[in-house]
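See below for the structure under consideration.
The values are calculated or read from the model by the stated rules, or taken from the named source; none is laboratory data. No experiment lies behind these values; they were computed from the predicted model shown. Neighbour counts are summed over all protein chains in view; Cβ atoms, including those assigned to glycine, are modelled from backbone coordinates with ideal geometry.
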Amino acid sequence: MKYAVIDIGSNSVRLMLWANGTLYKKVITTRLAQGLAASGVICEEASARTVAAIAELAAEGRHEGAIVLAFATAAVRSAKNGCAFCARVKEVCDIEVDVIAGEEEARLGMYGALGAEDGGTIDIGGASTEVCIRTHGEISFSASLNIGVVRLFDRCGQNADRLRAVVQEEIRALAGVNCPDTMYAIGGTASTLASINLGLAEYDAAKLNGLSLSAEYLDEVASYLLILSVEERKSIPGMDVRRADVIAGGAVLLSEIVHAFGLKEVKFSDGDNLEGYLVARGLA
């Protein structure tokens, strides 16, 4: 069976084509959560961009003969007009959107990155950040924090002091959590920071999967990004230019979480909630 899974995220819409394993992934940045932190609603421009992207990716999946599935995360579940957005997707794309809860999103990321192994995941998204830990085959901690790179950008812009203050406040829920030594960072912030670490001209999952990102590196790259303008960041080897404006906040957030857990490093995983969605539904 072939599946096309669409993740309607707060910063981007992603497609995974799957048939007995991941064939490829594709990303379209739409900023669905633009302005959501202040208004509480998905704005018309972001909605239109995102629906168009979903339609494009769904058409690609159908062209490949795949069953199309779609799920939505923090922006849709938290927006006052989230139901109206889903209705619009149904009307335009003929897709029923599965709006998943925060702790379920955390589990999906872990399933995709770890399979059945013990360990944990940190998934920094556009409007939320999920942390999930499994010990002795059982989930010992699962949380969805109401902060992500788009929310941080909307609230703090490029103000370094403000970014660090907001991040430290939002991650207080992680204090005292018993964290395993092996934690994986997943999602767009992690992939961008891993790509910068290797200076990759193009994203290469084979080179990046399992790459260790030390706490020292995360501190250094966060500080470096904060002193650069958005345009200057775009010239950094490995930078996803679509994330140049929000990546500094994401780097601060990942660095602070790593320190909160007392970790020496995190590893990057290309497997994430796209694979996890199929695993959770018994389809992979």
Within the range 121-130, can one find any residue that is hydroxyl-bearing (Ser, Thr, Tyr), part of a loop (DSSP other than H, G, I, E, B) and either crowded, with 21+ Cβ neighbours inside 10 Å or outside the structural domain of LEU225 (by TED's automatic domain parsing) (or both)? yes
Which helices (runs of 4 or more DSSP H) sit wholly inside the range 1-120 and have at least 2 residues that are over 20 Å from the mean Cα position of the chain (by Cα)? 36-39, 44-63, 82-93
Do the conditions hold for SER195, that is, is it within 24 Å of ARG134 (Cα to Cα) and among the hydroxyl-bearing types (Ser, Thr, Tyr)? no
Cβ-Cβ under 8 Å pairs, at least 6 apart or on other chains, the range 242-263 side free of Cβ contacts under 8 Å to residues at least 40 places away in the same chain, far side surrounded by fewer than 24 Cβ atoms within 10 Å (Cβ to Cβ) and assigned to a helix (DSSP H, G or I): ALA244/VAL230; ALA244/GLU231; ALA244/ARG233
Scan the range 51-65 and tell me whether some residue there is out of contact with any helix residue (DSSP H, G or I) (no Cβ under 8 Å at 6 or more places or on another chain) and touching a residue at least 60 places away in the same chain (Cβ under 8 Å). yes
Of the residues THR29, THR50, only one is in contact with a strand residue (DSSP E or B) (Cβ under 7 Å, 6 or more places away or on another chain), among the β-branched types (Val, Ile, Thr) and surrounded by fewer than 22 Cβ atoms within 10 Å (Cβ to Cβ); which? THR29
Which of the residues belonging to the range 246-279 are within 20 Å of the chain's Cα centre (by Cα) and surrounded by fewer than 18 Cβ atoms within 10 Å (Cβ to Cβ)? HIS259, GLU265
Quick one: is THR189 under 17 Å from SER255 (Cβ atoms), in contact (Cβ under 8 Å) with a residue 24 or more places away in the chain, among the hydroxyl-bearing types (Ser, Thr, Tyr) and in the same structural domain as ASP240 (by TED's automatic domain parsing)? yes
Among the residues of the range 131-141 satisfying the criterion of being without any contact (Cβ under 8 Å) to a residue 40 or more places away in the chain and part of a strand (DSSP E or B), which is surrounded by the fewest Cβ atoms within 10 Å (Cβ to Cβ)? GLU138
